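See structure below.
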Amino acid sequence: MHDLAFLRDNLQLVKDKLRTRGTDPALIDDFDRLDTHRRTTITSAENFKAERNQLNEQIAMLRRNGADVSAQMEETKRLKSAGEQLEKNAAKADFDLRTLLGSLPNLPNDDVPPGASEEENECKKTWGEIPTFDFPAKPHWEIGEALGILDFERAAKISGARFVLQLGSGARLERALANFMLDLHTREHGYVEVLPPSLVNSKSLFGTGQLPKFESDLFFCTNRANFHIAPDVWNDPKAESIELGKLYAAIYESDHWLIPTAEVPVTNIFRDEVIDLATGPISFTAYTSCYRSEAGSHGKDTRGMIRQHQFQKVELVKFATPETSYAEHEALTRHAETVLERLGLPYRRMLLCTGDMGFSAAKTYDLEVWLPGQQTYREISSCSNFESFQARRANIRYKPEGAKKAEFVHTLNGSGLAVGRTYLAILENYQQADGSVRIPEALQPYMNGETVIRKQSFGRAL
């Protein structure tokens, strides 16, 4: 969400920055009209309310003097009806403007290179040696299925496409990775571990920017036995109609969505609060399952674990002051990189161009791990500074030292790492000629001493 005063004073700058993101600047051509109309209707409603209050005071005085107030009472009724309509007009005008603001993506930081697609992202560093094999490198789905630790066919039977069943040492490897990452981030990097809910409400998703724009990417949950639309709407209880627009989408009685990332519940821990940043940033890490519908990705990455409806991730979230947020962005990115380095996985850091960044981000680094079975780099972490964009939507503030009023914090987050993608990167980078997979040294204490994953059997269909 953007600051109204900033938009009023910098409308052309906002249009120029939106254009670099591939967003049509005409989207805010109506801003001046909506803003003026909103202020006019709100002022009219407030003036009318003041007029009613004066009349009520006059009636009270006349009654004390024993005078007849019937004419004034009739006028009060007329003013009440007219005032209610003015308040509705003001609420509608406020809604229209906030709908526009809610649809605008964040503005890119000046350090972000202009560009239309991932081809224009900038490689800032590479780390590690690309492994070479004296045998044809296989993709992870072939390795995992041959070892008996990944089963896509039975997962599809249980849940449908884009799920995976992990077995034996494969299931242990997933757990080992999560524990390794959490221990690293809490013991060495100073994060506080959080175990958040996996179901969140609409306000939480609005706060981090997933709603309303990315509703189709989410899974909504409801109790079918009691399915009806509530009379209010999720971020404007004064709205007179549930048809006012997608931004104010109607709440069902059970307002629950499966989280697409732990960023949503963890960032919303402090929604509508003023937090203390006097001693430095607040840093949280969380391990959760994540759920995404992958709308619009039909035909992309259908093999293997790259694009699943359910996957596990260790998330890093920071709350910082505007003065420190970009230093914290670099630190958070380094924390994610450290996981890859400890595991010996080659990667590169990419600075995303304006056209490839997420809706809420002001600046983003993607970490891409090398996958020898596919002969390509693939994203394994996205580390973003959102500046005050999410905080303004979620109303998260702090009080600077000596300041009279609270200001919006800067929020940051990144994967530290996506566990499933780290898992498949290990299968591909540590594969051996006999089909087995070596376990990185850093993970061996978490694997009950196991150093190599060999073929396993857990029964088969007859």
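The values are calculated or read from the model by the stated rules, or taken from the named source; none is laboratory data. The structure presented is a predicted model; accordingly, all values stated were derived computationally and were not measured. Note: ideal-geometry Cβ built from the backbone for every residue, glycine included; neighbour counts use all protein chains shown. SASA here: full protein model, heavy atoms, side chains in, ligands and nucleic acids out. Shrake-Rupley method; radii C 1.70, N 1.55, O 1.52, S 1.80 Å.
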### Message
Of the listed values (1) 53.2; (2) 29.1; (3) 19.1, identify the label whose number matches mean projected area of the Cα convex hull in nm² calculated from this model.
### Response
(2)
### Message
Just want to confirm a number: the relative contact order over the stretch 323-382, from Cα pairs under 8 angstrom separated by 6+ residues, in percent.
### Response
26
## Note on the structure
Sequence order, the stretch 195-203: Karplus ³J(HN,Hα) from phi using 6.51 cos²θ - 1.76 cosθ + 1.60, θ = phi - 60°, Hz rounded, Gly and Pro as x, gives 10, x, x, 8, 10, 10, 9, 5, 4
### Query
With labels modelled as points extended 7 Å from the Cα through the Cβ direction, what inter-label distance (nm, one decimal) is found for ASN56 paired with SER103?
3.8
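State to the nearest 20 debye the size of the charge dipole of the stretch 29-144 about its Cα centre, where the only charges are +1 on K and R beta carbons and -1 on D and E beta carbons. Numbers along the way, then the final one.
Numbers: 16 positive and 23 negative charges, 244 e Å.
Rounded to the nearest 20 debye, it is 1180 debye.
I need the peptides 112-123, 406-417 ranked by packing, meaning the mean over residues of other C-beta atoms within 10 angstrom, with the highest value on top.
So the peptides 112-123, 406-417, ranked by packing, come out 406-417, 112-123.
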### Query
Counting only protein heavy atoms, what percent of the accessible surface of the chain is carbon or sulfur at a 1.4 Å probe?
48
### Query
Given the rule -39500 (n - 2.57) for each run of at least 4 DSSP H residues, summed and divided by the residues of the chain, what is its mean residue ellipticity at 222 nm, to the nearest 500 deg cm²/dmol?
-11500 deg cm²/dmol
### Query
Of LEU86, LEU316, LEU345, which is farthest on the positive side of the dipole of the chain, counting Cα position, with +1 on Lys and Arg Cβ, -1 on Asp and Glu Cβ, and the Cα centre as origin?
LEU86
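Please report, in debye to the nearest 20, how large the charge dipole of the chain is about its Cα centre when each Lys and Arg carries +1 at its beta carbon and each Asp and Glu carries -1 there.
800
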## Note on the structure
Per residue, accessible area of the chain with a 1.4 Å probe, heavy atoms of protein chains only, in Å², comes to 48
### Task
Round to a whole angstrom and tell me the spacing of the C-alpha centers of the stretch 307-342 and the stretch 97-138.
15
### Message
For Cα pairs less than 8 Å apart in space and 6+ apart in sequence, what is the mean separation divided by the residue count of the chain, i.e. the relative contact order in percent?
### Response
20
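What does the charge dipole of the stretch 331-462 about its Cα centre add up to, to the nearest 20 debye, if the Cβ of each Lys and Arg holds +1 and the Cβ of each Asp and Glu holds -1?
Details: 17 positive and 13 negative charges, 97 e Å.
So the dipole magnitude of the stretch 331-462 works out to roughly 460 debye.
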### Summary
Check: C-alpha center the stretch 384-462 vs C-alpha center the stretch 155-171, spacing in Å is 20
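What does the charge count near SER325 come to, summing +1 for each Lys or Arg and -1 for each Asp or Glu among other residues with Cβ under 13 Å from its Cβ?
On the way: positive: LYS318, LYS363; negative: ASP111, GLU323, GLU328, GLU330, GLU387, GLU407.
Cβ neighbours under 13 Å give a net charge of -4.
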